[in-house]
1. When all protein chains stay in place, what accessible area (Å², nearest 10, 1.4 Å probe) is found for E211?
2. Could you quote the convex hull projected area for the stretch 368-436, Cα atoms only and averaged over all directions, in nm²?
3. Which order do the peptides 424-431, 225-232 come out in when sorted by mean C-beta neighbours inside 10 angstrom, highest first?
4. Using only Cα atoms, locate the centre of the stretch 17-93 and the centre of the stretch 396-439, then give the distance between them in Å, rounded to an integer.
5. When a/c reaches 1.5 or more, the comparison of a/b and b/c decides; with that in mind, is the chain rounded, prolate or oblate per its Cα gyration tensor?
6. Measure off, as a whole percent, the carbon and sulfur share of the 1.4 Å-probe accessible area of the chain, all protein chains present.
7. Highest mean first, how do 266-273, 92-99, 23-30 rank when packing is the count of other Cβ atoms within 10 Å averaged over residues?
8. Taking Cα pairs under 8 Å and at least six residues apart, what relative contact order does the chain come out at, in percent?
Amino acid sequence: MPPFSASRPEVRQIPIVGVGMKGVFVVGAGPAGMFAARQVALAGYETFIFNRDIRPGGLAQYGIYPLKTKMKSGLRKQFEQTLALPNVHYFGHVQIGAAYDISLAELESFRPAAIIFASGAQGAKQLGLPGEDAGGVYASKDFVYNYNQLESHVARDFSSYRNIAVIGVGNVAIDVARWLLQDKPARYTESVVIVARRGPLEVKFDKKEIEHVEPFISRAGLVAELERVSDRCARAGQDVSPERVIAQYFPHLTDTPTAPTPARLSFRFLSSPKSFVANAEGRVTQMVVAENELVARPDGSISARVTDATANINVDTVLFAIGDKHDPAIGLPMGPEGYATRPVSDANTASFEVWDPAAARPHPGQFVVGWARKASSGLAGLARHDGELGARQALAYVQSAPDPNTLSPLEIHAYLAAEGLRIVDKRDLLLLDRAEQRRGAVIAPNSFHFKEEEEIFKVIDEEKTHKIPSKDPPIAAAD
Ligand SMILES: Cc1cc2nc3c(=O)[nH]c(=O)nc-3n(C[C@H](O)[C@H](O)[C@H](O)COP(=O)(O)OP(=O)(O)OC[C@H]3O[C@@H](n4cnc5c(N)ncnc54)[C@H](O)[C@@H]3O)c2cc1C
């Protein structure tokens, strides 16, 4: 493949010398990407990270709850150590995909020895319901990106008012409820209802997460809801008596809510959203839910069956927290559960190699790791492990592959700059960090002083010309 597309004459003018090396590319800088990059760099290869966001971290930075500061700063420190490795090169604010900054074909034209895709699962599952596009209806991941100050989401409207429905009953649903009830700086929230299509025994949140919002739950209200669905659960063979459910899933629930605010958290089980009603301004005002029956399948699993009975819930904000899906715009072949990987006979064996299902052959030298391999699949530690395992497979491939003469960091930088992209490199990150430090400690849950893209670029530029106080060490150019 020629180094650059023939349709880009201005780019072809950049002298291409190559450096006679096997460079490994990593797309994405969440936990999976950063730990994959570390593994590759420690094996001695030049490692190039291409990241959509300005800062590294992915959901570890912009998803994990703002007040989990210890976990977030611990991960941040490990990412900084990886970036500090001399053979790691960072290209932030570069989104890979045909519809984005650099297409996959252009990335391949930089002649990587292998590409590890760690781009996560950027889409959100939708139900395609009437009125779903009303104002005030959001994917929870976007909402979370907003309150965690991801640059691309800071200035977008994620207004939430008094009465909020959260669809889904996993940890993400609990996180957004916690934010709305407890930590959102503008405290408008009066009620949050968590809507679950199945019953109380199918909740997916962890005990340590629900603990944060239990003070907002009325025990009497929860008991009434359990009684409302108990016959339907009993028909599927389930005992949802309050003693059992509360002991198992809400161990710290007291008789009266202890939160100092009047805001309340409730649950509505066996309910599936059916449609949304909006006012003249286009803002959601009501959610129509169908009542569900619980069905016990022969294999022991439990599913929900929608009935004709419906109920209306008054809301001004709706958050979908029903899972993530992969972004097809990156240009990788899609499989039934995300990007297609080489089929394996044993379901317990992880498959990392990108696979073209139409041609029934692999994409040589291309691998997927973390949530890019399996969407919404667990915590940051698991993504790390997946990134490291995938990197090991990529390294085994690279060791026996011919030397592709990967472009140098400077050549890639020149190409991206010629495309008009504002790249953020390792030095820029250090300058940004220095400017943040100078402003002093940030008060959680707002974790950055500089949040918006233009502001960040301005700060980096100013910092480049800033007279460095003698106690600050000089920051060398990145490459
Ligand atoms: C709301 C929420 C709360 C969570 N809370 C916790 C928690 O408390 N504890 C915990 O351990 N785990 C938590 N997790 C899970 C954890 O965040 C994930 O397991 C982990 O971040 C997944 O890592 P990843 O690297 O696969 O993907 P991500 O973290 O999503 O990283 C993807 C990376 O790819 C980049 N990218 C995306 N598209 C492109 C593109 N086209 N081109 C270039 N780069 C691209 C992104 O910028 C990002 O850097 C939470 C997740 C969510 C959603």
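The values are calculated or read from the model by the stated rules, or taken from the named source; none is laboratory data. These figures come from a predicted structure and were not determined experimentally. Here the Cβ is made from the backbone with ideal geometry for all residues, glycine too, and neighbour counts use every protein chain on show. These area figures cover heavy atoms from the full protein model, side chains too; ligands, DNA and RNA do not enter into them. Shrake-Rupley method; radii C 1.70, N 1.55, O 1.52, S 1.80 Å.
1. 90
2. Values: hull surface 30.0 nm².
Averaged projected area of the stretch 368-436's Cα convex hull equals 7.5 nm².
3. Top of the packing list down: 424-431, 225-232.
4. 11
5. Working: a/c = 2.16, a/b = 1.61, b/c = 1.35.
Because a/c hits 1.5 or more and a/b exceeds b/c, the chain counts as prolate.
6. Working: 11460 of 21520 Å².
Carbon and sulfur together cover 53 percent of it.
7. On the way: 266-273: 21.8, 92-99: 19.6, 23-30: 30.1.
Packing order, densest peptide first, comes out as 23-30, 266-273, 92-99.
8. Numbers: 949 pairs, mean separation 109.8, N = 479.
Worked out over the chain, it gives 23 percent.
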